[in-house]
1. At 7 Å along the Cα-to-beta-carbon direction for both residue 14 and residue 75, put a label point, then send me their distance in nm to one decimal.
2. Cut-off is 10 Å between beta-carbons; in what order do 64, 109 appear when sorted fewest neighbours first?
3. Quick one: if the Förster radius is 41 Å, what FRET efficiency do residue 53 and residue 2 give, using the C-beta to C-beta distance and rounding to 0.05?
4. What distance in nm separates the two pseudo spin-label positions at residue 85 and residue 63, each 7 Å out from Cα along the beta-carbon direction?
5. Which shape class applies to region 10-106: rounded if a/c is under 1.5, otherwise prolate when a/b exceeds b/c and oblate if not, where a ≥ b ≥ c are the square roots of the Cα gyration tensor eigenvalues?
6. What nm value, rounded to one decimal, do you get for the distance between residue 36 and residue 95 when each label is placed 7 Å out toward the C-beta?
7. Roughly speaking, what is the centre-to-centre gap between region 5-33 and region 64-84 when only Cα atoms are used, to the nearest Å?
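Read the figures in this text as sums done on the coordinates, not as results from a lab. Everything numeric in this text was worked out from a predicted model, so none of it was measured. Quick reminder, even Gly has a Cβ in these numbers, built from the backbone with ideal geometry, and neighbours come from all protein chains shown.
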């Protein structure tokens, strides 16, 4: 294919704000995890797919299979939908005292998803 560019699991974007390696980066409909530190307006590579340990709010319990949303104000993932954007699914349980939750980013972001109970 002469028009193929790359697999797309990791892409280069302009950092919307200063970012730290491993931190979530949200730009429009894109969400990924920064591969390295970058200042605002610098190029940074973000992983759109994969499994990452993402910071979560203290005291919040997230179970395996729970949908995980990005809280851009706190720069953490949460199990609370509200105004937050869907970014993945928890693949390991995280008790309230845990600092992070193991999260699968599947390259899809949105505001909600139907789940089959």
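1. It is 2.0 nm.
2. 64, 109
3. My answer for the efficiency is 0.60.
4. Placing both labels 7 Å beyond Cα along the Cβ direction yields 2.8 nm.
5. Prolate, since a/c reaches 1.5 and a/b exceeds b/c.
6. Rounded to a tenth, the inter-label distance reads 3.8 nm.
7. Taking the Cα centre of each part, region 5-33 and region 64-84 sit 17 Å apart.
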